[in-house]
Structures are given as C-alpha cells and as structure tokens.
Amino acid sequence: MPKTPQEWAVFLANKIAEQARYAIPFEDRYRNNYVLPFVRREYDAVYGKTAVDKMFAIKPPSTGVAAVVVDALTERMTVIGATDDGDGKVASAVEKCWLENDLDVMHGEAHREALIKGRSFVAVWPDDERPIVSVEPAEQMAVYRSLVPPYNVQAALKAVQDEWSGERKAVLWLPGVMYNMSYQTGAGWQVDDKQELTFNRIPVVEFQAQPRLLVEPKSIIESIASMVDVVDLIEALMVFAGHFGAVPIRWVSGLVVPRDPNDPSKPLLNSDGKPDIGFDPRADAVWVSTSSDTKFGQFTPAALDSFVVWAEHVSARIRERTGVASTYLSLDLKSHMSAELLKTDEAPMVRKIDKMCSHGSFGAAWRQVMQLMAEQIMPGEARAVKVVPRWASPSTRIETQDAAVYAQLVPTLGAELCARKVLGWSPEEAAMGVAEASEQKVTQAQLEAETLSGVVKPYSGGLLEPDL
C-alpha cells in the first residue's frame with residue numbers, strides 16, 4: 001500500500017488512466033461517433049474517398065441506440081430533495097445547499113456518467129460559507145477503498161491538465177488532510193501545499209452503475225455494445241439496399257462499349273471520367289438498340305421489410321438486457337397504448353431503476369453525499385440524524401389513476417401518509433397540505449354555521465340587484 005502522498009498520487013493517477021481507457025469505446029458509442037470498420041470500408045468503396053471527401057466524409061448512418069438507452073434510464077433517476085429522521089431542519093439545510101450547488105440539474109450527470117463509463121464521483125469540498133459539491137468524471141478522479149469492512153474510501157485523487165499551460169495538477173485526499181500537488185518533469189508528483197481538515201472521512205463518493213463484489217463496475221453499454229453495432233449495421237445495409245435495390249436498377253447486354261485505344265481492357269472515358277457507352281444510363285431512360293443480340297432487364301428490388309424485422313428483433317434483445325420500455329426504441333403512434341399496457345411495458349424499467357436508485361448503489365451513494373454535506377453544514381445536529389434522498393417516481397405518472405388510489409387509501413391510511421406514498425410529496429409538503437386542508441374545513445364549517453344562523457344571507461345565484 002502507498003505511504004507517502006507522492007506514492008498515492010502515482011498509484012491513483014495510474015488508476016485514472018485505466019478508467020479513461022475503459023471509458024473511451026463506450027463514450028464514443030454514446031456520442032454516436034463509433035462506426036463499424038466493415039461499414040466504413042464499404043462506404044469508402046461505394047461512395048469513394050477523394051481529397052475533398054476526406055474533409056467532408058460521408059458518415060455511415062448510426063442510430064444512437066446507446067444514447068437512447070442511457071438517457072431513457074437517466075431521465076427517470078431523479079432526486080427531488082432530502083429528508084431526515086428528525087425534525088427536518090438538517091434536511092432543509094441540505095436541500096438549500098443542494099440547490100446552491102445546482103445539484104438539482106447536475107445530479108443527473110452523475111448518473112449518466114456512471115451508466116456510460118461504469119463509475120462517476122461526487123466530491124464535497126470544504127468552504128467557509130457552504131460546502132461546494134461537484135460531479136467528477138472517471139477520466140479525472142479515482143478512489144481507493146479499504147479491503148475489509150466497512151470498505152470506506154481511504155484515498156482519493158482528482159487530476160487535471162491546464163488547457164493553456166499544459167501543466168498537470170492534482171488534489172489528493174487522505175484521512176484528515178488535503179494536498180494540492182503538481183507534476184514536475186523528472187521529479188514526478190510533488191506537494192505544493194496541504195490543508196488540515198476538521199474531519200477524517202474522505203469527502204469523495206463513488207457512483208457505480210453495476211457494482212459487484214471483487215469485480216470492477218461496468219458500463220451499461222458494455223452488455224449491449226454488440227447489439228448496438230448490429231442495429232447500426234442494419235441501418236447501413238438499408239442504405240445500400242435502397243440505393244441498389246429499392247431504386248430500379250436496369251441492365252443491358254449485347255451493346256458494344258467503346259474501348260480505350262491505349263488499353264483495350266478499359267472502357268473509353270468521357271471528359272467527366274465516366275464510360276462513353278453511347279446513351280444516358282438513367283433509371284427513367286428508354287434505351288434503343290439495333291442489335292438483335294441486345295437484351296434489357298431490371299434487377300429485383302431488395303425487400304426492405306426484412307431489415308425492419310431484423311431491427312425489431314435486435315431491439316427486443318436490447319430491451320431484455322436493459323429493461324428500457326419499448327416506447328423509447330420504437331413508438332407506434334397508431335397503437336394508443338392504454339394505461340394498463342403502459343404500466344406493463346414499463347414494469348421491467350421501473351424495477352431496474354428502483355434496484356439502482358432507491359434500493360441500490362445510487363441511493364446508497366447519495367445518502368453518503370448528503371450526510372457529508374450535513375456534517376459540514378450542521379456538524380452537531382447532523383450526527384444525531386440520518387439524511388436520505390427523496391426519489392421521484394420512476395414510472396410514468398397517470399394523474400387520474402394516482403388520484404383514484406389516493407381517494408381509496410385516505411380513509412384507511414390518512415391524508416398525509418397517502419400524499420407521501422401515492423403522490424410522491426415530501427414529508428414537509430404533505431404536512432403543509434394537510435394543515436391547509438384542515439384550516440379550509442374549519443373556515444367552511446364556520447361559514448355554514450353563520451349562514452344557518454342568519455348572520456350571512458346565502459347568495460341565490462341570480463343577478464345582484466340594488467336594495468330598494
């Protein structure tokens with residue numbers, strides 16, 4: 001195990017390099033930059049690759065299915081706030097800090113980065129006014145965990161390279177201390193200065209997409225990479241099929257094509273570089289020949305529907321691996337999916353998100369982040385309570401259905417509990433809603449009592465007329 005800050009910096013910098021190498025192919029697939037080498041060669045052979053083409057190369061079609069899968073899951077993984085098992089003061093302070101750090105937006109990037117690259121990080125930086133919370137990618141940060149329970153983070157490193165000067169800098173966390181370091185040619189990583197911390201915990205939390213014991217976390221794209229390539233291959237082949245099959249391609253035999261006098265093995269070329277065959281070879285042209293041996297014909301167009309069936313088959317396999325609802329991969333606007341069918345279609349996706357978020361690694365990671373935030377904001381109160389994230393429902397909200405369930409359960413469970421469990425309200429929102437509803441009931445009861453006693457004349461609903 002490393003002992004000095006320099007040794008820790010070298011060890012963790014090498015780990016960052018390994019994480020970056022792993023992330024490259026999945027980042028390319030997410031950004032839709034990866035092209036199958038086979039398809040690239042075929043496009044170059046068919047459509048050419050001149051000097052101009054190299055600048056404005058024809059990119060083979062790619063579907064971006066990897067991005068669809070990642071974004072579909074990410075948009076359902078939403079943290080809407082915090083709560084605690086006390087009087088709510090700590091959770092309110094954490095929520096304020098959450099908004100001040102723009103985590104209501106950036107927390108989704110922590111999920112997205114982890115799904116694409118296998119892991120991402122959230123760091124809680126000490127500050128005089130409030131903690132600064134940042135989301136960090138796997139290409140710039142790495143952590144080292146204890147090999148025995150409770151598997152706490154024992155060291156963390158964030159390494160960056162200045163875009164202007166090219167200088168490499170890093171921040172290293174060890175228990176109770178934070179080092180600012182720089183990389184010097186010939187000397188390696190050196191400590192510039194250090195800052196003593198008021199706590200011994202490493203304020204860095206690792207988010208893992210698919211964690212397993214003794215196994216490195218993996219990108220969610222890794223399990224479907226080959227299927228994504230197949231979908232892109234289908235799209236590319238459909239272009240070829242449309243070009244050479246769906247468009248009528250006619251042929252002719254028996255016509256004598258003028259040959260190059262210098263090389264009889266080659267046809268005679270016009271000034272435009274095309275063979276001089278004596279007629280315009282357009283698809284809608286009528287060719288006339290006086291030779292009795294001339295024959296004309298037309299190729300059978302390719303059946304594009306077979307490619308569609310193939311693509312639907314691969315999409316079904318992607319659904320099995322990722323749980324993403326079918327409406328993200330293919331949407332039939334004529335189907336008019338009912339609410340019950342929509343719930344059935346989204347059930348695998350909802351279960352998968354629950355296992356990753358409220359009952360999974362992302363939920364545990366955000367609990368650690370919020371606890372770190374609370375301990376820096378309110379050190380005394382935070383130790384006595386447990387702060388946990390509140391997750392939005394991962395299922396598509398059907399408001400009328402939620403209202404019906406709410407109305408059925410209120411007589412048994414009470415309005416406040418039903419507002420939290422059915423409608424997804426926070427404990428504070430539910431308590432305020434119940435209090436406001438109670439006040440309105442009291443006010444209404446008083447008005448009814450005054451009306452019955454004759455103090456207030458009830459309005460009949462007709463036109464108001466002045467008293468005569």
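Computed from the coordinates by the stated procedures, all read-outs in this text should not be read as laboratory data. Note that the structure is a prediction, hence the values are computed from the model and not measured. Please note: Cβ atoms are built from the backbone with ideal geometry, for glycine as well, and neighbour counts cover all protein chains shown.
Brief remarks on what is shown
- Positive-end residue, the chain charge dipole about Cα centroid, Cβ charges, pick of 423, 306, 363: 306
- GluC sites (Glu not before Pro) lying in DSSP loop within the range 74-170, provided at most 15 other Cβ fall within 10 Å: 75, 129, 163, 167
- Spatially proximal aspartates and glutamates relative to residue 266 (Cα-Cα < 17 Å; intrachain offsets below 8 disregarded): 276
- Taking the Cα centre of the chain as reference, the dipole from Cβ charges on Lys and Arg (+1) and Asp and Glu (-1) amounts to some 1740 debye.
- Dipole of the chain [Lys/Arg +1, Asp/Glu -1 at C-beta], most positive-end residue of 443, 138, 19: 19
- Nearest-0.05 FRET efficiency for residue 127 and residue 243, computed from C-beta distance (R0 56 Å): 0.40
- Cross-link table 89/218; 96/355; 59/117; 169/355, entries beyond 29 Å C-alpha to C-alpha: 89/218; 169/355
- Once the trypsin sites (Lys or Arg not before Pro) in DSSP loops with at most 12 neighbouring Cβ atoms within 10 Å are cut out of the chain, the longest remaining piece is 32-281.
- Which label in [x] 19; [y] 27; [z] 48 gives the computed percent of Cα pairs over 39 Å apart: [z]
- Backbone N within the range 198-226 under 15 Å of label point (7 Å from residue 317 Cα along the Cβ vector): 222-226
- Between helix 89-100 and the chain: long-axis angle, C-alpha atoms, 0 to 90°, nearest 10: 30 degrees
- Virtual spin-label span in nm between residue 1 and residue 21, 7 Å along Cα→Cβ: 2.6 nm
- The label point for residue 160 and the one for residue 201, both projected 7 Å from the Cα toward the Cβ, are 2.5 nm apart.
- Compared with the alpha-carbon gap, the fully stretched path from residue 212 to residue 260 is longer by 10.4 nm at 0.36 nm per residue.
- Label point distance in nm, residue 367-residue 185, each placed 7 Å from Cα along Cα→Cβ: 5.0 nm
- Within the chain, longest stretch free of exposed chymotrypsin sites (Phe, Trp or Tyr not before Pro) [DSSP loop, at most 10 other beta carbons within 10 Å]: 165-458
- 0 to 90° range, to nearest 10: angle between helix 339-356 axis and the chain longest Cα axis: 80 degrees
- A full extension of the chain between residue 449 and residue 408 corresponds to an added length of 11.8 nm, given 0.36 nm per residue minus the alpha carbon distance.
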